[in-house]
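K.L.:
Can you keep this structure in mind? I'll have questions shortly.
The values are calculated or read from the model by the stated rules, or taken from the named source; none is laboratory data. As the structure is a computational prediction, the values presented were derived from the model and not from experiment. Glycine gets a Cβ as well: all are built from the backbone with ideal geometry, and neighbour counts include every protein chain shown.
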Amino acid sequence: MTAPALSSPAAAAATTTTARPMRAAFALAGILLVAVNLRAAITSLGALLDEVRVGLGLSGVLAGVVTTLPALSFAVFGAVTPWLTRRFHPARVLVGAMGALAAGEVLRVVTGSPLVFVLLSALALAGIAVANVLLPVLVKAYFPTRSGLVTGVYTMTLIAGTTAASAASVPIADAFGSWRVGLGIWAIIAVVAMLPWLRAGLRRQAPGPRVSAHSRVRPGRTGLGWAMAVYFGAQSLSGYATMGWLAQIFRDSGYRPTDAGLLLAGVTAVGVPIALLMPAMAGRLRDVRPLVLLMSVAMVASYAGLALAPHGGAILWVTLLAIGQGAFPLALAMIGMRARTPEGTVALSAFAQSTGYLIAALGPFLVGLLYEATGGWRLPMGFLVGAALVQAGAGVLAARPRYVEDEAGAYSR
C-alpha cells in the first residue's frame, strides 16, 4: 500500500509547518556561517602583516593602504548593495559576495605583486561589504519575531570569527612554514558559507525576501537615514580607534606588552555576552533610547578613566568600554527596527554602513595624529569623548519610533 497523497488542507498545513522550521534552520545556519567570515580576512591579515610586508616587499604607503582598506571598502562596496538586490534575489547576491570573498582570499596569496595583492584584498573586502549590508535584511525576513535574538547570535558569531582568525593565523602559518597558508586557509570557510544559500540563489523563483525593482527608498534624503549613519559611524569610529590604540595606551601607562594585549582581549571577552543580549533587549523594548544612552555613558566613563588613571583602573575601563561597544550590535538591530520592508531595510543598511564606515575610517588616524602631536593620551581621549556625545545625540534621534519608508514617502498601506 502506498502512502496517501498530501492533498487535504490539514496535510498541506502539516507540510508547511514542517518546511518552515527546516527553511528557518537553513537560513540560520547560512547567516551564522556568513557572519564567521565578516572579519576573518581582515584580522588574519593584521596578524600576519609583518610577514606579508616582508614577503611581498610592501612599501610603507601600500602597508598604510592595506590597514585603511577595510573601512573604505565597506563604504564604497556597501553602497552598491541596494542596486544589486533590485536586480538579483538577495540569496543570489549573498552567494556572489561569498564567492568574491573566497576568490580574493585565495588569489591574493598566490601573487607576488604588492599592487595585485592590494587589489585582490579589495575584492575580498567587497564580498564582506555586501554581506554586511545583507545580513540585517535576511534576519528580518526569515526571523521577523526573533530578529533581536538572531542579530545578537550572529554578532556574537562575528566576534568569534574575528577572534579565531586573529589568534589562529600565525600558528597556522608557522605550522605550514608560509604566511600564504595562514591567510588563504580562511577561504575554505567562505566557500562553506555559500552552501546553505546555493539552492535559493540558483532557483529562478527563490523563496525569501524580495526587493522591488521599481520603487526606491533613499535614506540620504531623510533625517532618520542620517541619524542612523552618524550613529553607526560614531560608534564604529570609537571601536576602530580603541582597538587600534588601546594596547599602546596600557603599555604607555606601565603595563608589559603581554598584559596590555590581554587587557585588549578582555574587551572582546566581556563584549561577547553583551553582543548576544543587546539586540534581544532592544527587540523587547518599546523605547530603546535608554540603551543608546547607556552605551554612550559607558564609553565616556571609559575614555575619562583611560585619560586620567589608565593603570590603576584598567579592568574597570576595559569593562566599561566593552559595555559601550554594545552599540555595534544595537545599531545593527536598529536598522531592522527602523524599516518596514526588505527594500527599506537594505537601503537603510547600505546607507548607514557605507556612510558610517567613511566616518569610522578617520578614527585611528585622528587619534594617532593627536597622540603624536601631544605625546599623551588626554587629548585623544577627549576627542573620543566628543565622538561618544555625537553618538548619543544621533542615537536618540534614530531610536525614535518611526520608519525610513514613511520619511522617504515610499510606503503605502
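K.L.:
Among the candidates Ala339, Ala352, Ala347, which residue alone is buried (at least 24 other Cβ atoms within 10 Å of the Cβ), on the phi < 0 side of the Ramachandran plot, outside any helix (DSSP H, G or I) and not acidic (Asp, Glu)?
P.N.:
The conditions single out Ala339.
K.L.:
Determine, yes or no, whether Gly386 is surrounded by fewer than 19 Cβ atoms within 10 Å (Cβ to Cβ) and small (Gly, Ala, Ser).
P.N.:
yes
K.L.:
Mind checking which residues of the stretch 365-378 are under 16 Å from Asp252 (Cβ atoms) and part of a helix (DSSP H, G or I)?
P.N.:
Those that are under 16 Å from Asp252 (Cβ atoms) and part of a helix (DSSP H, G or I): Val367, Gly368, Leu370, Tyr371, Glu372, Ala373, Thr374, Arg378.
K.L.:
Hey, among Gly57, Gly64, which residue is of a type in the set (Gly, Ala, Ser), modelled with pLDDT under 80 and within 28 Å of Gly368 (Cα to Cα)?
P.N.:
Result: Gly64 is the single residue among Gly57, Gly64 that is of a type in the set (Gly, Ala, Ser), modelled with pLDDT under 80 and within 28 Å of Gly368 (Cα to Cα).
K.L.:
Let me ask something else about it. Among the residues in the stretch 228-242, are any buried (at least 21 other Cβ atoms within 10 Å of the Cβ), modelled with pLDDT under 90 and hydrophobic (A, V, I, L, M, F, W, C)?
P.N.:
Yes; the residues of the stretch 228-242 include at least one that is buried (at least 21 other Cβ atoms within 10 Å of the Cβ), modelled with pLDDT under 90 and hydrophobic (A, V, I, L, M, F, W, C).
K.L.:
Quick check on the stretch 259-274. Is at least one of its residues more than 28 Å from Val346 (Cα to Cα), modelled with pLDDT of 90 or more and surrounded by fewer than 18 Cβ atoms within 10 Å (Cβ to Cβ)?
P.N.:
no
K.L.:
Separate question: For the stretch 361-376, give me each residue that is surrounded by fewer than 15 Cβ atoms within 10 Å (Cβ to Cβ) and under 18 Å from Ala304 (Cα atoms).
P.N.:
Result: Thr374, Gly375, Gly376.
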